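Novice: Here it is: the structure, laid out below.
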Amino acid sequence: MAQIQVLDSAVIDKIAAGEVVERPLSVVKELVENALDAGASAISVETKDGGIEMIRVTDNGSGIEADQVKNAFLRHATSKIRQAEDLDRIGSLGFRGEALSSIAAVSKVEIITKTKEKLTGVHFVLEGGKEKVFEEVGAPEGTTIIMRNLFFNTPVRRKFLKQPQTEGSYIAELMEHLALSRPDVSFKLLMNGQVRFHTSGNGDLKEVIYRIYGKEISSNLVEITASMPGAEIRGYLGKPQINRSSRNFETYFINRRYIRSSLIAKAVEEGYKQYLMQHKFPFVVLHFTVEPERVDVNVHPTKMDVRFTDTAPLYQFIVESVTEALKERELIPQVTLETAEERKFSATKDRSVEYTPEPFETRRNHQYRLQEETLYKAKADPTHGQAALAAVAKVASEIQIPAPVQTTQSELPPVQMSLFEDKMITPEKREEYQILGQIFDTYWLVALRDQLMIVDQHAAHEKVKYEALIRQFRERTVISQNLQPPIVVSLTAKEEQIVKEYRDAFAGLGFEIEEFGGKEYALRSVPTDLYGCGERQMFEEVLDQLAEGNFGGGLTVVEEKIASMACKAAVKGNQTLSVREMEALIDQLLTLENPYHCPHGRPTIISMSKYEIEKKFKRIVS
């Protein structure tokens, strides 16, 4: 019989390290989160060969006391919590006390650290968890940790790492998320000696989005700010035209921690539902501030999966907040007539020299922020533009970056329509509309000021019909009809629990449900209007929606049926309409809260500017 024996600490550390250190990405994550917890305002990360050969993380945080350095590398040694109760109110990114111990167990680690109060710092070296060097050295305030030769003592695990380029891409994505989580911290990422990105740390989330995702996305954002008792949302929603084919561009943070949450993703997508087509997903960067008692981040060592205590209210809050934020904006896609070559030339021509300060150059950082603030004020107050621009030029000369070029209003090309301030689709502007006619028996041309709007008649009519039907459904108490005999359905244990938990939701939809013995349930009453469904089919579809975690009370199913009815009833493409019919439909469209998208997310209206048209005819050369 095999003997049972206690493993020694070295073996235990290597086994435990597998939960925390899966790949170079894990090392960067743990070290950068430690730097943030140490109060760093600037963090620099450098990697070689995808982080397999070397990772260096430098910060200007509080540093580690000399007599605490060795303790920091012991298992479950942490300064973040003291007792089990502290897990209910975690405010730091790290708290398990496993990171440094796990990293040191499978690599060669070197740390140089100094606190503000000390004149000198400490240099500590470990290989495979064993101490090699511990000495006093001169060092700047903060901490630098260098990890070399990951999994040098566990070759089997090293063999399963991917190519350096792939491992490096994981690190780049992680650093992008960390930069988005803390716009107030300057992040710099170098990979094989090349700067991947560098943020200024000026606290502007939109600036970080610009540096990571570029101009096209950063210029098509809708700001969102909302709160409920115990929770708050702030961040940016992408306009529907920058939709994606996957959820990779949905980025969420809970208390500044990047997380994954199917509940949040479903709620956000529900808020976008009437703006996006099926199988399309939004671009969002959202920060959630939630009371620590309401969220559990201690689910997995990666701390990316979270649980919430009050799921239903939070779900509804997110849906309503996203819907409201998008509803307040006029979301008409702007069509450009530029060719690919013209876009390339324009992008090259307009690209200004980017400037980002080095992490520790405090004075240059301050002056850069001053320049940005001064330039913003100059744009906001044209009457003081000359003086403000002169001030900007002075600041620019001091920090040796290009000053902004002053142009007259006539030379400026128009930006994306300023639809946040002056909506085009309003009843007040109805008299200014000029219906030019119908083309291809499907689209209408409508002129308004310096814009040419193109309306899809089927999508527009479908939206009008849908809103009328949904309003009827929401504003009246649902009328039920008794069934004789009742419909008997058999439910699984999970379905039984859902029926009991959401009994009020089913009643609100017009269902009267009674237990019929065992797993059988009787449908005594059903809604009078089933929107094209059979009684059993409607009940089962609502049940399936709730089983998938839709906390909207089954309303989504009803809305989908109404959308289908509206589509069938709407005027089709390739159908000739008179001017009077077009005018009547436009009048109806103007009364809607969201006339810009049909129920399936397709745009009802696109627009083209006079500037774009004149540019194509070479009346404007730029």
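The values are calculated or read from the model by the stated rules, or taken from the named source; none is laboratory data. For clarity, every value in this text was computed on a predicted model and none was experimentally measured. Every residue, glycine as well, gets a Cβ built from its backbone with ideal geometry; the counts of neighbours run over all protein chains shown. For accessibility, only protein heavy atoms count, side chains too; no ligands or nucleic acids. Shrake-Rupley method; radii C 1.70, N 1.55, O 1.52, S 1.80 Å.
Novice: Report yes if some residue within the stretch 181-188 is touching a helix residue (DSSP H, G or I) at 6+ places or on another chain (Cβ under 6 Å), assigned to a strand (DSSP E or B) and modelled with pLDDT of 95 or more; otherwise report no.
Specialist: Yes, that holds for at least one residue.
Residues are listed down the side, and each one gets a yes or a no for (1) modelled with pLDDT of 85 or more; (2) assigned to a strand (DSSP E or B); (3) under 19 Å from His597 (Cα atoms):
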| position | (1), (2), (3) |
| --- | --- |
| Gln241 | no, no, yes |
| Tyr252 | yes, yes, no |
| Gln274 | no, no, yes |
| His279 | no, no, yes |
| Thr289 | yes, yes, no |
| Pro301 | no, no, no |
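Novice: Is it true that Ile264 is assigned to a helix (DSSP H, G or I) and modelled with pLDDT of 90 or more?
Specialist: So Ile264 passes the test.
Novice: Could you tell me whether the stretch 95-108 includes any residue that is open to solvent by less than 20 Å² (accessible area, probe 1.4 Å), of a type in the set (A, V, I, L, M, F, W, C) and at pLDDT below 55?
Specialist: yes
Novice: Hand me the list of helices (runs of 4 or more DSSP H) wholly inside the stretch 426-523 holding 3 or more residues that are open to solvent by 60 Å² or more (accessible area, probe 1.4 Å) and at pLDDT below 80.
Specialist: Because the criterion is at least 3 residues that are open to solvent by 60 Å² or more (accessible area, probe 1.4 Å) and at pLDDT below 80, the helices (runs of 4 or more DSSP H) in the stretch 426-523 that meet it are 457-475.
Novice: For the stretch 213-238, which positions are at pLDDT 90 or above and of a type in the set (Val, Ile, Thr)?
Specialist: Passing the criteria: Val222, Ile224, Thr225, Ile233.
Novice: Could you figure out which of (1) among the polar types (S, T, N, Q); (2) farther than 30 Å from Gln434 by Cβ; (3) at pLDDT below 80 isn't true of Asn594?
Specialist: It is condition (2) that Asn594 fails.
Novice: Output the residue which, of all residues in the stretch 495-529 that are within 42 Å of the chain's Cα centre (by Cα) and small (Gly, Ala, Ser), is farthest from Gln484 (Cα to Cα).
Specialist: Among those that are within 42 Å of the chain's Cα centre (by Cα) and small (Gly, Ala, Ser), it is Ala505.
Novice: Run down Glu320, Glu341 and say which single residue is within 26 Å of Arg244 (Cβ to Cβ), open to solvent by 30 Å² or more (accessible area, probe 1.4 Å), at pLDDT below 65 and outside any strand (DSSP E or B).
Specialist: Residue meeting the stated conditions: Glu341.
Novice: Please work out which one of (1) of a type outside the set (Ser, Thr, Tyr); (2) modelled with pLDDT under 80; (3) more than 40 Å from the chain's Cα centre (by Cα) is the condition Ala547 fails and give its number.
Specialist: Going through the list (1) of a type outside the set (Ser, Thr, Tyr); (2) modelled with pLDDT under 80; (3) more than 40 Å from the chain's Cα centre (by Cα), Ala547 breaks only (3).
Novice: His76 versus (1) at pLDDT 90 or above; (2) touching an Asp or Glu at 6+ places or on another chain (Cβ under 9 Å); (3) open to solvent by 20 Å² or more (accessible area, probe 1.4 Å): which is the lone unmet condition?
Specialist: The one condition His76 does not meet is (1).
Novice: Collect the residues in the stretch 219-237 that are farther than 23 Å from Val290 by Cα and open to solvent by less than 50 Å² (accessible area, probe 1.4 Å), keeping them in residue-number order.
Specialist: Asn220, Leu221
Novice: If you don't mind, there's one more thing I want to ask. Mind telling me which of the residues Lys132, Lys116 ends up being in contact with a Ser or Thr (Cβ under 8 Å, 6 or more places away or on another chain) and either modelled with pLDDT under 95 or under 30 Å from Leu286 (Cα atoms) (or both)?
Specialist: Lys116
Novice: Still on this structure: I'm trying to understand the selection: among the residues of the stretch 135-180, which are surrounded by 14 or more Cβ atoms within 10 Å (Cβ to Cβ), assigned to a helix (DSSP H, G or I) and basic (Lys, Arg)?
Specialist: Passing the criteria: Arg157, Arg158.
Novice: Additional query: Going by what's in this entry, would Glu216 be described as crowded, with 20+ Cβ neighbours inside 10 Å, free of Cβ contacts under 8 Å to residues at least 60 places away in the same chain and not in a loop (DSSP other than H, G, I, E, B)?
Specialist: No, not satisfied.
Novice: Quick check: anything in the stretch 194-208 surrounded by 14 or more Cβ atoms within 10 Å (Cβ to Cβ), within 19 Å of the chain's Cα centre (by Cα) and of a type in the set (A, V, I, L, M)?
Specialist: yes
Novice: Within the stretch 276-291, identify whether any single residue is surrounded by fewer than 16 Cβ atoms within 10 Å (Cβ to Cβ) and hydrophobic (A, V, I, L, M, F, W, C), and answer yes or no.
Specialist: Looking through the stretch 276-291, at least one residue is surrounded by fewer than 16 Cβ atoms within 10 Å (Cβ to Cβ) and hydrophobic (A, V, I, L, M, F, W, C).
Novice: With respect to Met228, is the statement that it is of a type in the set (A, V, I, L, M, F, W, C), in contact (Cβ under 8 Å) with a residue 40 or more places away in the chain and within 24 Å of Thr47 (Cα to Cα) true?
Specialist: So Met228 fails the test.
Novice: Would you mind stating whether Ile52 is in contact with a helix residue (DSSP H, G or I) (Cβ under 7 Å, 6 or more places away or on another chain), at pLDDT below 60 and either open to solvent by less than 30 Å² (accessible area, probe 1.4 Å) or hydrophobic (A, V, I, L, M, F, W, C) (or both)?
Specialist: For Ile52, the condition - in contact with a helix residue (DSSP H, G or I) (Cβ under 7 Å, 6 or more places away or on another chain), at pLDDT below 60 and either open to solvent by less than 30 Å² (accessible area, probe 1.4 Å) or hydrophobic (A, V, I, L, M, F, W, C) (or both) - is not met.
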